[in-house]
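J.: Okay, here's the structure, questions in a sec.
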Amino acid sequence: MAMAKYVIQTDKGAPPLGAYSQGWRAGDFIFVTGSGPIGPDGKVKGTTIEEQAEQVIDNVEAILRADGAALDNVVKATVHLTDVNLFARFNEVYKRRFRPPYPARTTVGSDLRLVPGMMIMIDVIAYVGA
């Protein structure tokens, strides 16, 4: 039996700013693209790491919801921060928005200057099987 595979799009999350899809469903997994703190208007939202982390997680959640999933389905998150010294402040938002058992997570320092003002980007993998 072939595994279902299709694109996930929503106008409730950040619009793609390049040649990529917001998300893909492949069988029991949902892959959400690296989401930044971008509002529906395509502009960066928030001037603090806390505000931007909230917007990013809102964007991730909107893409998951577009295919019937939620943050609780996330099994892996990759977080990119422009400044790793912002980790503790970001982590306060993250641990409030995600619940234990927390997803596996990798956090790295990244150059996100392609989008001026962006301090954070997160991509996730969610499992929606039985």
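The values are calculated or read from the model by the stated rules, or taken from the named source; none is laboratory data. Quick caveat: nothing in here was measured; it's all calculated off a predicted structure. Ideal geometry is used to build each Cβ from the backbone, glycine not excepted, and the neighbour counts take in all protein chains shown. Ligands, DNA and RNA are stripped out before the accessible areas are found, and what is left, the full protein with its side chains, is counted by its heavy atoms. Shrake-Rupley method; radii C 1.70, N 1.55, O 1.52, S 1.80 Å.
J.: In sequence order, what are the phi-derived ³J(HN,Hα) couplings for region 3-13 according to the Karplus relation 6.51 cos²θ - 1.76 cosθ + 1.60 with θ = phi - 60°, rounded to whole Hz, with x for glycine and proline?
T.: 7, 5, 9, 7, 7, 10, 9, 8, 8, 8, x
J.: Quick check for you: with a 1.4 Å probe and neighbouring chains kept, what is the accessible area per residue of region 27-91, in Å²?
T.: 42 Å²
J.: What are the trypsin sites (Lys or Arg not before Pro) within region 1-70 that DSSP puts in a loop, where the Cβ has at most 11 other Cβ atoms within 10 Å?
T.: Qualifying residues, ordered by number: Lys43.
J.: What residues have an amide H closer than 5 Å to that of Phe29, excluding those fewer than 5 places away on the same chain, when H is modeled at 1.01 Å from N in the peptide plane?
T.: Val128
J.: HN-Hα J couplings of region 86-98 from phi, Karplus 6.51/-1.76/1.60, θ = phi - 60°, integer Hz, Gly and Pro as x?
T.: 8, 4, 4, 5, 4, 4, 4, 5, 4, 6, 7, 7, 9
J.: Mind listing the long-range amide H neighbours of Ile38? Cut-off is under 5 Å, sequence gap 5 or more, other chains count too, H placed in the peptide plane at 1.01 Å from N.
T.: Here the answer is Lys45, since their amide H atoms fall under 5 Å of that of Ile38.
J.: Continuing with this model, one more query. Can you find, among Leu112, Val32, Ile125, the residue farthest towards the positive end of the dipole of the chain? Put +1 on the C-beta of Lys and Arg, -1 on that of Asp and Glu.
T.: Ile125
J.: Suppose every Lys and Arg Cβ carries +1 and every Asp and Glu Cβ carries -1, with no other charges. What dipole size does the chain come out with about its Cα centre, to the nearest 20 debye?
T.: It works out to roughly 180 debye.
J.: Would you mind telling me the share, in percent, of accessible area of the chain contributed by carbon and sulfur at probe 1.4 angstrom?
T.: After summing per-atom areas, the C and S share lands at 57 percent.
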